[in-house]
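Worksheet: one structure, shown below.
Coordinate-derived values only; no laboratory data. Every value quoted in this text rests on a predicted model; they were computed, and no experiment measured them. Backbone-built Cβ (ideal geometry, glycine too); neighbour counts: all protein chains shown.
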Amino acid sequence: MIIVSACLLGFNCRYDGTGRPDKTLLLPDVRPYLVPVCPEQIGGLPTPRVPSEIDTGDGSHVLEGRARVVSAQGADVTDNFLRGAEEVLRFMKLMGISAAIMTEKSPSCGVHHIKRNGVTVPGYGVTSSLLKKHGVVIVSSERIADDIGFLLGKVV
Ligand code: SF4
């Protein structure tokens, strides 16, 4: 099985109440292997919700207590993001899952990039940072069409 950011499978779980379905993931020979998770919802945040950003560094700094996740209204939602990340990791260990496809640029799921002040900057989201730290193979949503064969080869 492969963990997937739920918005990529069409769940309307993004901050603005929309999804971002990816057509490759919805192919009949791919979708049976996918398990959707939304770390921000799992961490207790509502949908729709005020968008948030990591205030400095990236998700790894949040895990180390050196950065916070702050909503556009100034609320500190770091605990929600940490809880969501830890729950996803706990579930993956429980199910023996070691691969994930995550939504690029999200403060939770970003793989190579996140957003700060509306600008794309290098870095991992909080959940992707925690998964990476625990050896999970992570594919960016921007590489799905290129890397899905590689990922399926690891789990099938
Ligand atoms: Fe999608 Fe991840 Fe944001 Fe949830 S937290 S809406 S799964 S990018």
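Sorted by packing (mean other beta-carbon atoms within 10 Å per residue), highest first, where do 117-127, 142-152, 5-15 land?
Most protected by this proxy first, the peptides run 5-15, 117-127, 142-152.
For residue 115, list the aspartates and glutamates whose Cα falls under 14 Å from its own Cα; do not include residues on the same chain fewer than 8 positions away.
Output for residue 115: 53, 55, 58, 104.
Please identify the cysteines of the chain that lack any partner cysteine with a Cβ under 4.7 Å from their own Cβ.
Among the cysteines of the chain, those whose Cβ sits 4.7 Å or more from every other are 7, 109.
Mind listing the long-range amide H neighbours of residue 4? Cut-off is under 5 Å, sequence gap 5 or more, other chains count too, H placed in the peptide plane at 1.01 Å from N.
Those lying under 5 Å, H to H, from residue 4 are 35, 37, 101.
Over all directions, what mean area does the Cα convex hull of the chain project, stated in square nanometres?
With every direction weighted equally, the projected area is 8.2 nm².
Specify the inter-centroid distance of segment 1-49 and segment 77-120, based on alpha-carbon positions, in whole Å.
That distance is 12 Å.
Give me the distance in nm between label points sitting 7 Å out from Cα along the Cα-to-Cβ direction at residue 12 and residue 154, one decimal.
About 3.3 nm, to one decimal.
Could you compute the FRET efficiency for residue 27 and residue 79, with r as their C-beta to C-beta distance and R0 at 25 Å, rounded to 0.05?
0.10
Using a Gaussian network model of the chain whose springs link C-alpha atoms within less than 10 Å, name the residue from 105, 23, 132 with the highest mean-square fluctuation.
Top of the fluctuation ranking is 23.
Any idea how far apart residue 145 and residue 112 come out in nm if each label point goes 7 Å out from Cα toward Cβ?
Going from the residue 145 label point to the residue 112 one covers 1.6 nm.
List every DSSP H helix in the chain whose Cα atoms extend 18 Å or more along the helix's own long axis and whose mean Kyte-Doolittle hydropathy is at least -1.0.
Both cut-offs are met by 78-95.
Determine the gain in length on full extension of the stretch residue 72-residue 47; use 0.36 nm per residue of separation and subtract their C-alpha separation, reporting nm with one decimal.
7.5 nm is the gain from fully extending residue 72 to residue 47.
Run the numbers on the chain and let me know its relative contact order in percent, using alpha-carbon pairs under 8 Å that are six or more apart.
Relative CO of the chain lands at 23 percent.
From the cross-link list 23/105; 93/154; 23/132; 133/154; 132/154; 105/132, which pairs have alpha carbons spaced over 21 Å apart?
Beyond 21 Å between Cα atoms: 23/132.
Taking the square root of 5 times each eigenvalue of the Cα gyration tensor, what semi-axes in Å does the equivalent ellipsoid of segment 38-85 have, largest first?
So the equivalent ellipsoid measures 17, 13, 7 Å along its semi-axes.
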